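Following: one structure in structure tokens, then a few remarks.
The values are calculated or read from the model by the stated rules, or taken from the named source; none is laboratory data. Just so you know, these numbers come straight off a predicted model, no measurement behind them. When we count neighbours, we look across all protein chains shown, and the Cβ atoms used for this are built from the backbone with ideal geometry, even at glycine. All accessible areas refer to the heavy atoms of the entire protein, side chains included, with ligands and DNA or RNA removed. Shrake-Rupley method; radii C 1.70, N 1.55, O 1.52, S 1.80 Å.
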Amino acid sequence: MLVVIFAALFGIFALTSIGSPAHADEVGTDEYDYIFAGNVKYDSEPVGDVLIKVSGGGYNAEVVTDEDGKWRIGVPEKGEYEITLVEDSLPDGVVVVEGEAVVDAEFGLTKNKTVNFFLGEGVRVTVSFFDQFVDRAVNGLNFGLMLALAAIGASLVFGTTGLSNFAHAELVTFGAVMALLFSVFWSWPVFVAIPVAVVLSGLFGLVLDAGLWRPLRKKGVGIVQLMIVSIGLSLALRYVFQYFIGGGTYQLPGAGAAEITLFGSVALTVTDMVSMVVSVVVLLGVAWWLVNTRIGKATRAISDNVSLAAASGIDVDRVIRIVWVLASALAGLSGILWAYFRPGIKWDMGAGILLLIFAAITLGGLGTAFGALVGSLVVGMLVEISTLWIPSDLKYVGALVVLILVLLVRPQGILGRRERIG
């Protein structure tokens with residue numbers, strides 16, 4: 001019952017933090033100053049529910065036209081963008097005039113740019129359902145691997161301390177902001193900036209544990225109180241980030257790389273492929289560490305029974321300190337990869353996936369690192385594949401619905417263990 005209540009609360013949080021925009025025909029208009037807008041009409045009649053995509057400078061967004069055929073999309077900065085009308089979303093027998101489904105648009109002296117599409121009669125060439133499924137599955141795998149980095153860290157913290165750390169979202173943001181500082185503001189090479197950002201993320205976790213969490217644990221502060229402290233810390237860090245980098249969206253070097261078609265309709269950028277390889281290598285390294293090293297085994301022992309682990313001679317405080325460093329470093333790396341996947345860095349970007357991190361941990365099994373990995377892959381795939389049937393603005397909520405359904409059947413999660421209470 002408690003799990004279902006938490007899942008419902010998480011659902012409310014999703015709708016308020018990462019949910020759909022106020023109007024289906026407007027995306028990012030409240031967030032960004034530069035606006036693309038237009039009309040889609042056929043034979044002077046408006047065409048609704050037509051999908052429009054905008055991409056450029058590493059930024060991607062999509063919107064559907066309203067009943068009057070109108071659409072609006074906000075973009076983070078002035079520049080050249082590619083605007084695409086997805087012909088699959090047009091009514092049967094209606095196509096875009098040849099060569100005009102994709103428009104390169106650029107702002108002039110104003111912050112608004114109008115882009116209209118001309119339609120006519122004809123036969124459309126469509127992408128098969130299977131090709132669309134494979135394309136979204138690959139993107140879902142990429143997203144799930146990135147999500148797993150953050151989820152495993154949060155799961156290790158929960159397993160060793162019992163803390164549901166809402167400030168984990170800001171650890172994700174911290175890594176991306178540090179990468180932004182070194183690679184963009186200070187113009188360091190990106191292959192130097194990213195490792196430094198990950199190391200600093202780990203040190204940030206060490207500072208938080210030494211300066212805040214460990215003293216609170218020593219004073220015997222309860223789990224609920226610690227969770228409330230983490231919420232306050234999350235809000236404080238979030239607005240500190242906003243104070244220093246502002247409310248705009250920044251791009252990391254290489255965020256706007258061109259896509260390479262791998263097979264069928266599957267196309268990934270070099271950054272996407274590197275991101276997937278890095279995620280797999282790091283996850284395998286963490287798995288090896290947990291299974292084969294003394295500290296890793298001690299971490300699993302503390303997650304199983306902290307009192308028994310302490311009685312066995314394990315230095316619990318030392319292990320928890322190491323876990324905080326590892327969890328923060330993984331979160332920082334996840335934030336950097338999330339900045340490329342979104343794409344873009346914002347002061348509150350970590351909050352956008354906090355719910356999905358908790359969903360992955362709960363789905364996989366609370367306190368189990370391998371469960372968090374499995375849960376993340378499942379959530380990532382569901383989020384992307386679900387857009388075949390539901391609007392993309394609702395894809396996060398769809399993942400939460402599946403989470404609730406799975407927990408109703410298996411409350412302990414996929415790899416969790418049943419526990420007797422009372």
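Brief remarks follow.
- Some residue of segment 306-315 being open to solvent by less than 50 Å² (accessible area, probe 1.4 Å), among the hydrophobic types (A, V, I, L, M, F, W, C), within 30 Å of G254 (Cβ to Cβ) and not in a loop (DSSP other than H, G, I, E, B): no
- Scoring L405 on the criteria (1) open to solvent by 40 Å² or more (accessible area, probe 1.4 Å); (2) in a helix (DSSP H, G or I); (3) in contact with a helix residue (DSSP H, G or I) (Cβ under 8 Å, 6 or more places away or on another chain) leaves a single failure, condition (3).
- The lone exception for L366 - which of (1) open to solvent by 10 Å² or more (accessible area, probe 1.4 Å); (2) in contact (Cβ under 8 Å) with a residue 40 or more places away in the chain; (3) assigned to a helix (DSSP H, G or I); (4) farther than 15 Å from M146 by Cα it fails: (3)
- Neighbours by Cβ (under 8 Å, 6+ apart or cross-chain): first from segment 263-278, β-branched (V, I, T); second buried (at least 18 other Cβ atoms within 10 Å of the Cβ): V266/D135; V266/V138; T271/A255; T271/Y340; V278/L333; V278/L337
- Whether a residue is farther than 17 Å from A339 by Cβ and out of contact with any Pro (no Cβ under 9 Å at 6 or more places or on another chain) was assessed, and T160 passes this test.
- Condition met for I260 (part of a strand (DSSP E or B) and open to solvent by 40 Å² or more (accessible area, probe 1.4 Å)): yes
- Listed by position, the strands (runs of 3 or more DSSP E) enclosed by segment 91-206 that each have at least 1 residues that are in contact with a Lys or Arg (Cβ under 8 Å, 6 or more places away or on another chain) and surrounded by 13 or more Cβ atoms within 10 Å (Cβ to Cβ) are 94-96, 102-106, 117-121.
- I83 being modelled with pLDDT of 80 or more, β-branched (V, I, T) and part of a strand (DSSP E or B): yes
- Every pair of residues 6+ apart whose Cβ atoms lie under 6 Å, when the first sits in segment 39-51 and is open to solvent by 30 Å² or more (accessible area, probe 1.4 Å) while the second is among the aliphatic types (A, V, I, L, M): Y42/V94; Y42/L119; D49/V64; L51/V64; L51/V86
- Matching residues, segment 339-352, being modelled with pLDDT of 90 or more, of a type outside the set (K, R) and either open to solvent by 10 Å² or more (accessible area, probe 1.4 Å) or not in a loop (DSSP other than H, G, I, E, B) (or both): A339, Y340, I345, W347, D348, A351
- Breaking point among (1) among the aromatic types (F, W, Y); (2) modelled with pLDDT of 85 or more; (3) within 30 Å of F358 (Cα to Cα), for F10: (2)
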